[in-house]
1. Just to be sure I understand the filter: pairs with C-beta atoms under 6 Å, separated by 6 or more residues or on different chains, first member in the range B:89-115 and outside the structural domain of B:Gln19 (by TED's automatic domain parsing), second member among the basic types (Lys, Arg). Which pairs pass?
2. For the range A:173-230, name all the residues that are part of a strand (DSSP E or B), in contact with a strand residue (DSSP E or B) (Cβ under 8 Å, 6 or more places away or on another chain) and either farther than 30 Å from A:Tyr13 by Cβ or not aliphatic (A, V, I, L, M) (or both).
3. Would you be able to tell me the number of residues in the range A:12-41 that are in a strand (DSSP E or B) and either on the phi > 0 side of the Ramachandran plot or of a type in the set (Lys, Arg) (or both)?
4. In the range B:1-46, which residue that is of a type in the set (D, E, K, R) and in contact with a Leu (Cβ under 6 Å, 6 or more places away or on another chain) is farthest from A:Lys31 (Cα to Cα)?
5. State all residues of the range B:37-83 that are of a type in the set (Val, Ile, Thr), within 14 Å of chain A (Cβ to nearest Cβ) and surrounded by fewer than 20 Cβ atoms within 10 Å (Cβ to Cβ); if no residue qualifies, say none.
6. Are there any pairs with C-beta distances below 7 angstrom linking a residue in the range B:9-33 that is over 15 Å from B:Ser80 (Cβ atoms) to a residue that is among the polar types (S, T, N, Q) and outside any loop (DSSP other than H, G, I, E, B), with the two at least 6 apart or on different chains, and if so which?
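The values are calculated or read from the model by the stated rules, or taken from the named source; none is laboratory data. The structure displayed is predicted, hence computed values, not measured ones. Reconstructed Cβ throughout: ideal geometry from the backbone, glycine too, with neighbour counts over all protein chains shown.
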Amino acid sequence: MEQILKATQLSKYFYQKKALDKVDINIEKGKIYGILGPNGGGKSTFLKIAAGLLKSSQGEITIDNEKPGEYTKSIVSYLPEINHLYKWMKVKDALNFFKDLYADFNIERAKESLKFMELEEEEKITSLSKGMMGRLKLTLVLSRKAKLYLLDEPLNGIDPISREKIITSILDSYSEKASILICSHLIYYIEKLLDYVFFLSEGRIILSGNAEDLRNKRGMSIDKLFQEVF
Amino acid sequence: MEFNNNIPIYLQIIDSIKQDIVVGKLKAGQKMPSVRESAGILKVNPNTIQRVYQELDREKITYIKRGMGTYVTEEEKIISSLKEEISQKIILDFVEGMNKLGFSNKESISTLKEYLSKEEEIWNKY
């Protein structure tokens, strides 16, 4: 299987604190992965390193065989947990902003997706509810034709209707040519989407495996397994 | 479809497709939805559906027409053996459940008979 991301013994320290401690993660093409764990476990740190926003302290990480940099940023589409859009923008401005920023941004696809997400192009960013904002951010990120999608807590603080829409659009954007890596602690809602899971706690991977195999072996859902492990 | 996340998803989908074939909701020779369509409808990982289709193909419950898609088998024999398989499973669940409650096999049979005759009585009234 072709690998899109390979992290070997990856560590990240913030002063004395170990945010990531010798983490090994391999991501294959055409699969959906989950990094699951409590808050502060290192999930976001890993995604930020993969997205090229943070530098690792030790160890190796490559994406499509390259170290994080210009090239990897062009093939990685990253959904940050924070709000990364300017306050003065309308929805349509956000689309144009992404179009200018990323060569692989497909504005037609984004407009289609807005309809599905029930968002208006003329709406102001500041007037969007949290659920609508989540839908817009995801629309932007999934409308890029990337090789790797990194989604940090796409369902955090999102109402049930938005949640359904977000899950549907993640599935819609699935392609055999791309991989998706989702960080979440809301396992119940996303576990059916995942091929493979990593449990990350205090910067370490404490369990990993194929989701169906884990259900089979342990006779329980990933969500229950998670509760048992932590 | 509601899933029980404690059991592998692909096994649950396989069971439900088998059920649909036996009761005729999916007809012999009917085209199955594509992997992507199914994944979208059921909201599960496309690779899970892929695994379902591979398994159904291996069990000869479906067959693949090259470049056309996946179709439900037209062989009566396979469909009737599916029916057999599912009914055996229901019986097994019943027997195991009764045994757990402390019913002997004989007692289970008489309880079942009693139940069925009561059912019949009720139906005959209408």
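1. Going by the 6 Å Cβ cut-off, there are no qualifying pairs.
2. Filtering the range A:173-230 for residues part of a strand (DSSP E or B) gives A:179-184, A:196-201, A:204-210.
Then drop every residue that is not in contact with a strand residue (DSSP E or B) (Cβ under 8 Å, 6 or more places away or on another chain), which leaves A:179-184, A:196-200, A:204-210.
Scanning the range A:173-230 gives A:Ser179, A:Cys183, A:Ser184, A:Tyr196, A:Phe198, A:Phe199, A:Arg204, A:Ser208, A:Gly209, A:Asn210.
3. Here is the first cut: in the range A:12-41, the residues in a strand (DSSP E or B) are A:12-14, A:17-28, A:32-36.
Among the residues that remain, those that are also either on the phi > 0 side of the Ramachandran plot or of a type in the set (Lys, Arg) (or both) are: A:12, A:17-18, A:22.
The number of residues fulfilling the criteria is 4.
4. We begin by selecting, within the range B:1-46, every residue of a type in the set (D, E, K, R); these are B:2, B:15, B:18, B:20, B:25, B:27, B:31, B:36-37, B:43.
Pick out the ones that are also in contact with a Leu (Cβ under 6 Å, 6 or more places away or on another chain) and you get B:18, B:20.
Working: B:Lys18: 27, B:Asp20: 29 Å.
Among those that are of a type in the set (D, E, K, R) and in contact with a Leu (Cβ under 6 Å, 6 or more places away or on another chain), it is B:Asp20.
5. As a first pass, look at the range B:37-83 and keep what is of a type in the set (Val, Ile, Thr): B:41, B:44, B:48-49, B:52, B:61-62, B:64, B:70, B:72-73, B:78-79.
If we keep only those that are within 14 Å of chain A (Cβ to nearest Cβ) too, we end up with B:41, B:44, B:48-49, B:52.
Within the range B:37-83, just B:Ile41 meets the criteria.
6. Final answer for the pair search is B:Ile9/B:Thr48; B:Tyr10/B:Thr48; B:Met32/B:Thr62; B:Met32/B:Thr70.
Okay, residues lined up against (1) among the β-branched types (Val, Ile, Thr); (2) modelled with pLDDT of 95 or more; (3) crowded, with 21+ Cβ neighbours inside 10 Å; (4) assigned to a strand (DSSP E or B):
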{"site": "A:Ser77", "(1), (2), (3), (4)": "no, yes, yes, yes"}
{"site": "A:Leu85", "(1), (2), (3), (4)": "no, no, no, no"}
{"site": "A:Trp88", "(1), (2), (3), (4)": "no, no, no, no"}
{"site": "A:Ala103", "(1), (2), (3), (4)": "no, no, no, no"}
{"site": "A:Met132", "(1), (2), (3), (4)": "no, no, no, no"}
{"site": "A:Leu150", "(1), (2), (3), (4)": "no, yes, yes, yes"}
{"site": "A:Ile158", "(1), (2), (3), (4)": "yes, no, yes, no"}
{"site": "A:Arg163", "(1), (2), (3), (4)": "no, no, no, no"}
{"site": "A:Thr168", "(1), (2), (3), (4)": "yes, no, no, no"}
